[in-house]
Structure formats: structure tokens, C-alpha cells
Amino acid sequence: GGYSDIQREVLSALQDFIIASEAIRAHYTPLPSDIILASFPKTGTTWLKALTSSILRHSSTLTSSSSSNDLDNLNPHEVVPFLEIEMFGENPLKDITEISSPRVFSTHLPLSFLPETVKTSGCRVIYITRHPADTFVSLWHLYNNKFGTEISIRQAFDEFCKGLAPAGPYFEHVLEFWEARDRVMFVTYEDLKANPEETVRRIAEFLGCKIIVEKIVKECSFEKLRNTSKERGEGVHWSGTKYDMFFRKGVVGDWKNHLTQEMMKELEDLADLKWRGSGLDLNIFNKSASQ
Ligand code: A3P
């Protein structure tokens, strides 16, 4: 017996989460100007990072005269002042007070693992989420890439449904942020695909930034980000995942190529069970352009 690759990955991720959560509670005081990008893995984190970074850069070029930002070389993983909150787990001494405002953090931690002050400090939190079927398929591909083996989709699916995923259970993750949606901006991957300009406009408004939306959408398109990442070559994200693995297919509904009707039904039943009474349901992922 022993642990499967997935279980090993999940256990080590959860252990990192506990350490990170404690370190953040000890070392992090949110400023009202802070921006926190939160997500469950594989729901569009990289895209949201690139968009936010692009919005801020364009916005600052409107208000200040600092020019010559190299917008063609946008790298959502390395852009300053992005910082993975989870990094505190490994490097609690990193001095975040030296980062210039607005400081942008990103995290896969569930809301209840973040300090309470995140809800009260006036900092801005944006949560991106995605249909569980496409999220799962994206995660399964990542496992296969990362472990270099073909993991059975049924086995991976069962672990996902049981809540054994690197950020803990999907349904609870989404629900916590959903229930805080009066304070948290809630965005779906499907919103972004179906209506990128409108969604970017909403994000910019939430951040108090004046921008030209069309430019930003183009700058952060799947092709553009993937190509930039390719040109950069061999970079590796702190989590051990190669940068280019963050760009796979970038579409809505790829689950149809991988999941059976029964598996979809299981996800629908889980969503009913776990989200009942909250007003949250899978219809939030039904966007016209995705049909
Ligand atoms: P797929 O595996 O379905 O292609 P994360 O950044 O949270 O790890 O999510 C990765 C998923 O987002 C992958 O989904 C990836 O291809 C997709 N993605 C990354 N950048 C994107 C973009 N600019 N537009 C659309 N999808 C993007």
C-alpha cells in the first residue's frame, strides 16, 4: 500500500498550508491598500495575477510618469510586487514591509486559514473560481505532467471528490469565499472567458484603477502569456511546477473530453449537497460564450 502520488502531494501541501497560515498570522498585518488574489489551484490564478498586474501598471502609467514598463514581457509569476503568501512558510524572514504599495499577494489558502484582519482591514480580496469539472481536469493534467506518470482519472477524481486536493476540498473553498462576497470580489474563469472586457472593467473598478480595458485583455490573453512563458524557457515556480505547465489549453468545457456523464453527475450531486441553502450553485459557471 502506502500513499499514492496524489495523497503525498496533498499531504505535503496541507502541511505547507498549516505552516503558512501560522506564519501569516504572526507576520502579516494587512494594509488597506493591499490586494489579495485568492483561488483554488487551476481555476485561473495565473490569469488573474497577470490581469491585476497589468491593470496596476497601466493605471500607474496614467497617474504617474514612470514610463518604459516592459509590458511585452509580463510574467505573472515574477512581477513585482507579487509575492506568494505561502512562501512565508519557507521564508518567514522575507521583509514584506519593504514592498511598495499597493502590495499584491496571491494565495491558495482557504479563507478561514487567513488572518481575521483580512476581512476587517479594508484590504481588497479578489477570488477567482471555475467549474469543478474543468478545475479537476486541469489539476489531473498537472499531476500527470508533474509526476511524469499517467494517473487514472477515476482515482484522481475520487480523491478530488473526497476533498483530497492540494488546497483542501474544492467545494468548501469556494463556499467560504462565496459567503464573504459582500467583502470579496468574486470572479469566475467562465466570466473572464465569456466577457473579458466587462470582467476586467469590474476588477479595475474594484481596485479603483482607471484603465483601457481592451489593451489589458490582449496583453493577458492565453496565447500571449503562454508564449512569453515559453520564451523565458526553463523557469520553475516556487511550488516546483515549471512555468509553462500553467498554460495548458485555456478553454471552458475541456471536461467533456475526459469525464463520463456519471462523473459529472457526481460533481452535480456534491455541489447540491455541499452548497445547499447558500445561493451558490453550478449555474454561476454557465456563461453564454461557454455553451
Ligand atoms: P487548463 O489546464 O484547463 O488549460 P492556475 O493558473 O490557477 O494554475 O490555472 C491554470 C489554468 O488556467 C489552465 O487551464 C491554464 O491553461 C489556464 N490559463 C492560464 N492562463 C490563461 C489565460 N490567459 N486565459 C485562459 N486560460 C488561462
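Each reported figure results from applying straightforward, stated rules to the coordinates on display, with no laboratory input. Since the model is a prediction, treat every value here as computed from it, not as a measurement. No Cβ is skipped: glycine too gets one built from the backbone with ideal geometry, and neighbour counts run over all protein chains shown.
How high is the relative contact order of the range 114-257, given as a whole-number percent (alpha carbon pairs under 8 Å, six or more residues apart)? It rounds to 28 percent for the range 114-257.
Classify the range 113-266 from the C-alpha gyration tensor, please: rounded if a/c falls under 1.5, else prolate or oblate depending on whether a/b exceeds b/c. Please report the intermediate quantities before stating the final value.
Values: a/c = 1.65, a/b = 1.24, b/c = 1.33.
Because a/c hits 1.5 or more and a/b fails to exceed b/c, the range 113-266 counts as oblate.
Here the 3J(HN,Hα) profile of the range 243-258, calculated from phi with Karplus coefficients 6.51, -1.76 and 1.60 at θ = phi - 60°, is 3, 5, 6, 7, 10, 10, 10, x, 10, 8, x, 5, 3, 4, 7, 10 Hz, Gly and Pro shown as x. Note that the range 132-148 has calculated 3J(HN,Hα) couplings of x, 5, 5, 4, 4, 4, 5, 5, 4, 4, 5, 4, 4, 5, 6, 8, x Hz, one per residue in order, obtained from phi through the Karplus relation 6.51 cos²θ - 1.76 cosθ + 1.60 (θ = phi - 60°); glycine and proline are x.
Determine, from the Cβ-Cβ distance of L11 and R202 and an R0 of 30 Å, the FRET efficiency 1/(1 + (r/R0)^6), rounded to the nearest 0.05.
0.20
Between K256 and R181, the FRET efficiency estimated from the beta carbon spacing at R0 = 35 angstrom works out to 0.75. Scalar couplings 3J(HN,Hα) for the range 200-208, obtained by applying the Karplus form with A = 6.51, B = -1.76, C = 1.60 to θ = phi - 60°, are 5, 4, 4, 5, 4, 5, 4, 8, x Hz; x denotes Gly and Pro. Amide H contacts under 5 Å for T129: V187, T188, Y189, restricted to partners 5 or more places along the chain or on a different chain, H placed in the peptide plane at 1.01 Å from N.
Across the cross-link table entries K193/K230; K49/K162; K218/K242; K193/K224, which are compared at the Cα atoms, the separations over 19 Å belong to K193/K230; K49/K162; K218/K242.
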